[in-house]
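Here is the structure we will look at.
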Amino acid sequence: MSHLQMNRRLGGALVLLRILIGWHFLYEGIVKLYNPDWTSFGYLASAQGPFKEVFASLASDSLLPWVDTLNWLALVFVGITLILGIFEKAGAIAGMGLLALYYLAHPSLPGLTQLNTEGSYWLVNKNLIELAACWILFLQPTGQLFGLNRVFVKTTSKTELS
């Protein structure tokens with residue numbers, strides 16, 4: 001396989017990864033936005049590990065509405081940027097930040113009972129894996145291969161030549 005073929009395949013795989021992660025974030029944000037019963041209270045109140053008190057304080061009556069709103073807004077922002085391939089570095093950073101917070105609220109540390117998780121893990125869980133994937137997307141943005149960034153870059157370069 002030639003180097004060019006490998007680069008095209010890798011680029012295509014990264015575009016697919018970007019869109020899939022974007023869909024995951026967007027879907028989670030939309031579900032939270034349109035579900036009037038959703039709140040992050042349970043997740044925050046049951047936080048574990050060294051940052052338990054920080055997350056518990058975010059579940060207070062005064063902060064919870066802000067936390068809930070910022071959570072779904074950030075999820076939707078990350079989803080849109082990654083799916084559309086525009087401002088994807090900002091989206092990847094925001095995604096890494098959210099995933100780091102989710103991980104730190106319920107870290108998969110040895111000796112901790114796993115609450116609000118979909119399995120039992122030891123150090124590595126899906127939040128940490130998706131965080132690493134967002135880091136890859138930050139390092140290798142693909143919006144110029146397939147996304148709105150490609151349209152804006154071509155438009156910008158045409159106007160600069162005039």
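Please treat every number below as a calculation from the coordinates, not as lab data. All figures in this text were calculated on a predicted structure; none of them were measured in a lab. Here the Cβ positions follow ideal geometry from the backbone for every residue, glycine too, while neighbour counts run over all protein chains shown.
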Review point. Given the options Ala13, Ala105, Ala47, which has the most mean-square fluctuation in a GNM of the chain, springs set between C-alpha atoms less than 10 angstrom apart?
Key: Ala13
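Note the full-extension length gain between Leu123 and Leu10 as 0.36 nm times their separation in residues minus their Cα-Cα distance, in nm to one decimal. Each step should come with its number before you reach the end.
Working: separation 113, 0.36 × 113 = 40.68 nm, distance 2.84 nm.
Once the chain is fully extended between Leu123 and Leu10, it gains 37.8 nm.
Checking a compactness column here: for the stretch 37-78, what do you get for Rg(Cα) / (2.2 N^0.38 Å), N being the number of residues? Mind dumping the intermediate values first?
On the way: Rg = 10.5 Å, N = 42, 2.2 N^0.38 = 9.1 Å.
For the stretch 37-78, the normalised Cα radius of gyration comes out at 1.16.
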Check your understanding: Any idea what log10 I(q)/I(0) is at q = 0.09, 0.16, 0.18 Å⁻¹ for the chain, Debye with uniform C-alpha scatterers and no solvent?
Key -> -0.37, -0.95, -1.11
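Would you work out the charge dipole size for the stretch 1-98 about its Cα centre, treating the Cβ of every Lys and Arg as +1 and the Cβ of every Asp and Glu as -1, and quote it to the nearest 20 debye?
Numbers: 6 positive and 6 negative charges, 119 e Å.
Its charge dipole is roughly 560 debye.
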Point to revise | GNM top mover of Asn71, Asn35, Asn149 - the chain, alpha-carbon springs below 10 Å | key: Asn35
Practice item. Determine, for the stretch 3-161, the count of lysine pairs separated by eight or more sequence positions (or lying on different chains) whose alpha-carbon distance falls under 22 Å. Key: 4
